[in-house]
Amino acid sequence: LAEFEVLPPDDENAKRAELRPAMERFKDTLVEADMRINKEKKKMKAGLEQDIQTFAQSIKDVKVDFTKQAPYKSEGFTTESAFNVLQNFRNQLDAKRKGEEDFGPKMELFNIEAPNYKELEWVEQEMEKLNALWEIRAGWEKEKGKLLVDTFKNIDTNELDDMAMQFQGRARKLIGKDKNVQNWPAFIAQKQDLETFRDLIPLIQNLRQESMRERHFQMIMNEIHQTFDPKSDSFTLQKVLDLGLIQHSDMIARLADDAKKEAKIENGLQDIERVWSTMTIDVKEYKGGAYTLKSTEELYQGLEENILALSSFKSSQFYLPFAAKVEHWEKTLANISEIVEAIQSVQRAWMYLENVFRGSEDIRPHLPDESTMFDEVNNGFIDMMKRVYDEPLAVKACSHPRMLETLNGFEACLDKIQKSLNDYLEKKRQMFPRFYFLSNDDLLEILGQARDPELVQKHIKKCFEGVKNLELSQQS
């Protein structure tokens, strides 16, 4: 400006003169401001560090509280309260993570290294495991609740066992993540609950065994001093637990085992009843309105097998509940056996003597008392066999009063008749010793053909050696 002879006004010169001092003052102000900022930054950093320490301590406090309050044990906790506690700590963790996130930019501003909150990670891991454990418990309690109220007779033990094994498998996976889990009281309680339920399965199977009868359940009631109806719709698994039957599982197992062995006897008796409900005495028509036994092979085979089975039943220590039935069938089959044997014995004698006393009138005059006796036996035996023919079922046919006694009477009479007949034949032999060369049948045939002597020709050669036949002539 001076070079071009431009003279600024006095006020501008005055202002120009003030510029350098003002610049110096501004520099001083900047230095002073920088000093103040540094001072404040130190204060802010110190405050931030204090806040970080407080925050870190609060995380440690969360861990301490979690250790004290978390549902590591099942006592004092329901699944609902356990999940509420875990949710409360989850909310605290979320807040702490939010706080950690908020501290990030500030620490970056002051070049502070972000700390690693191990306690926070530990609590998160513990919560995850606890949550998994209580989810297992919640699921199990839900399924167990259904089973407890289900009708006992409808419970599927295989399904129950499979379900318990599934929950045990989930628990084992949890141990695989951290072996310390198996020391938690809540885990131990859940494990015991599952094991107790699986221990119930043999008890359930024993109680529901088909061979268990009312007498067995009565013995259980006597043992526990309480009553119950295992077939009732109100009898549930909860009732089994309430009755404390699990404490008597050994006794019930023994009863069930005894019931199985008793069932063999019971089934054997049922087989016998089934066989003899259809077993018949095979009777055929003989002649003159008479009937005789035909085949007895099947009957005797059934008698032999069943009498042997009854004998084995009696030798068993589990025989007592069926003593009355066994003895009934022993008597029944023994009676049938004796009667059929008596019929056969009487029938053999009757058929032989029937030919003598009914087939020829020549013998009857010589044995009048025996003939009368035979007629009585004949009529009685024919009537008896007619009844058997009309009602061939062995059990019913042999149940007539005094039937065996009557048959024994018949046999005694026939034996007496046979003895008298033998005595009669002996007298004839004594009168004509050549008759000793003949059998009783041959001799009876000769004696019975007095009206037609020619019929005896076939027996001549037996009486006289070298003689084939005789020339018979009528007396004049």
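Residues in segment 308-346 that are closer than 30 Å to L414 by Cβ, buried (at least 17 other Cβ atoms within 10 Å of the Cβ) and not polar (S, T, N, Q): L333, I336, I339, V340, A342, I343, V346.
For segment 235-250, the condition holds for no residue, the condition being that it is out of contact with any Asp or Glu (no Cβ under 9 Å at 6 or more places or on another chain), under 17 Å from E210 (Cβ atoms) and among the small types (G, A, S). Looking only at segment 347-403, residues that are in contact with a Phe, Trp or Tyr (Cβ under 9 Å, 6 or more places away or on another chain), exposed (fewer than 14 other Cβ atoms within 10 Å of the Cβ) and within 19 Å of S337 (Cβ to Cβ) come to 0 in all.
The criterion of at least 1 residues that are closer than 30 Å to H216 by Cα and of a type in the set (S, T, N, Q) is met, among helices (runs of 4 or more DSSP H) falling completely within segment 314-427, by 323-357. For first residues located in segment 234-262 and under 12 Å from M219 (Cα atoms), partners that are part of a strand (DSSP E or B) and modelled with pLDDT of 90 or more and lie 6+ apart or on another chain with Cβ distances below 6 Å do not occur.
Put simply, of T29, T54 the only residue that is farther than 21 Å from K106 by Cβ and either modelled with pLDDT of 80 or more or within 60 Å of the chain's Cα centre (by Cα) (or both) is T29. The residue that is farthest from S74 (Cα to Cα), counting only those in segment 142-159 that are in contact (Cβ under 8 Å) with a residue 60 or more places away in the chain, part of a helix (DSSP H, G or I) and out of contact with any Ser or Thr (no Cβ under 6 Å at 6 or more places or on another chain), is K153. Residue under question is G139, and the condition is that it be loosely packed, with under 14 Cβ neighbours inside 10 Å and out of contact with any Ser or Thr (no Cβ under 6 Å at 6 or more places or on another chain); does it hold? Answer is no for this residue. Of all residues in segment 112-129 being aliphatic (A, V, I, L, M) and assigned to a helix (DSSP H, G or I), which is farthest from V64 (Cα to Cα)? Among those residues, the one meeting the criterion is M127. Scanning for something of a type in the set (K, R) and modelled with pLDDT of 90 or more, does segment 261-272 turn up at least one residue? Yes, that holds for at least one residue. Of all residues assigned to segment 238-248, none qualifies as being assigned to a helix (DSSP H, G or I), within 30 Å of Q347 (Cα to Cα) and either open to solvent by 30 Å² or more (accessible area, probe 1.4 Å) or modelled with pLDDT under 90 (or both). For segment 94-113, the set of residues classified as in contact (Cβ under 8 Å) with a residue 12 or more places away in the chain and more than 12 Å from F55 (Cα to Cα) consists of K106, M107, F110, I112, listed by residue number.
Taking the criterion of being surrounded by 18 or more Cβ atoms within 10 Å (Cβ to Cβ) and not hydrophobic (A, V, I, L, M, F, W, C), would at least one residue in segment 150-166 satisfy it? No, segment 150-166 contains no residue that is surrounded by 18 or more Cβ atoms within 10 Å (Cβ to Cβ) and not hydrophobic (A, V, I, L, M, F, W, C).
Selection of segment 170-181 for residues being open to solvent by 20 Å² or more (accessible area, probe 1.4 Å) and under 29 Å from Q205 (Cβ atoms) yields R170, R172, K173.
In segment 425-436 there is at least one residue matching the filter, namely being more than 60 Å from the chain's Cα centre (by Cα), surrounded by fewer than 13 Cβ atoms within 10 Å (Cβ to Cβ) and either closer than 28 Å to T280 by Cβ or among the aliphatic types (A, V, I, L, M) (or both).
The values are calculated or read from the model by the stated rules, or taken from the named source; none is laboratory data. Quick caveat, the model's predicted, so the values are computed rather than measured. Every residue, glycine as well, gets a Cβ built from its backbone with ideal geometry; the counts of neighbours run over all protein chains shown. Each accessible area value is taken on the protein alone, full model and side chains, heavy atoms only, with ligands, DNA and RNA left out. Shrake-Rupley method; radii C 1.70, N 1.55, O 1.52, S 1.80 Å.
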